[in-house]
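What follows is a single structure, written as structure tokens, with notes after it.
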């Protein structure tokens, strides 16, 4: 197995993940004029990619290392509706990380009013391109350290 070198942006002293903002698009609405429920999972994925960029782990770079991170579980609670052209703020937080599994929580609020729209959770694992589980702690300690430091900084 060839180990790749990983270049990670500098570690911030205090971990602060800026929330991800998303304007609801017309094509994301359903017949009732509200955002279709399936779009929230896509928004969560966008927010997760944004969080990874912010902590210096660009997902493209991670995939170039032949690491994939499939979704194991998703839980979404719809609290209030999002309509076309609303801007939502998605706060993403790492709640559990052990080198093999990554668990996140998402809080989606209306940017203008602060009203809670949705809460969600997702769980991911790390696999190589052949689909075999890998431990970032063992195989990519630089990535492991960054996830661990981010989780600890958010507690």
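When region 52-77 is limited to residues that are within 15 Å of the chain's Cα centre (by Cα), in contact (Cβ under 8 Å) with a residue 24 or more places away in the chain and not in a strand (DSSP E or B), the one that is nearest to residue 38 (Cα to Cα) turns out to be 70.
Being under 30 Å from residue 26 (Cβ atoms), over 18 Å from the mean Cα position of the chain (by Cα), surrounded by fewer than 14 Cβ atoms within 10 Å (Cβ to Cβ) and at pLDDT 95 or above is a description that applies to residue 80. Within region 129-146, can one find any residue that is buried (at least 20 other Cβ atoms within 10 Å of the Cβ), over 16 Å from the mean Cα position of the chain (by Cα), at pLDDT 95 or above and assigned to a helix (DSSP H, G or I)? Within region 129-146, one or more residues are buried (at least 20 other Cβ atoms within 10 Å of the Cβ), over 16 Å from the mean Cα position of the chain (by Cα), at pLDDT 95 or above and assigned to a helix (DSSP H, G or I).
Got a sec? Which of 17, 94 is assigned to a loop (DSSP other than H, G, I, E, B) and either modelled with pLDDT under 95 or within 15 Å of the chain's Cα centre (by Cα) (or both)?
17
Restricting attention to region 118-128, the residues being buried (at least 19 other Cβ atoms within 10 Å of the Cβ) and more than 30 Å from residue 83 (Cα to Cα) number 1. Residue count for region 17-40 satisfying the condition of being surrounded by 11 or more Cβ atoms within 10 Å (Cβ to Cβ) and free of Cβ contacts under 8 Å to residues at least 60 places away in the same chain: 10.
A residue that is farther than 30 Å from residue 138 by Cα, assigned to a loop (DSSP other than H, G, I, E, B), in contact with a helix residue (DSSP H, G or I) (Cβ under 8 Å, 6 or more places away or on another chain) and modelled with pLDDT of 90 or more occurs somewhere in region 25-43. The combined condition, being touching a helix residue (DSSP H, G or I) at 6+ places or on another chain (Cβ under 8 Å) and under 27 Å from residue 23 (Cα atoms), is not fulfilled by residue 100. Scanning region 29-38 for residues that are in contact with a strand residue (DSSP E or B) (Cβ under 9 Å, 6 or more places away or on another chain) and within 25 Å of residue 93 (Cα to Cα) yields 35, 36, 37.
The values are calculated or read from the model by the stated rules, or taken from the named source; none is laboratory data. Being a predicted model, the structure only gives us computed values, none of them experimental. Note: ideal-geometry Cβ built from the backbone for every residue, glycine included; neighbour counts use all protein chains shown.
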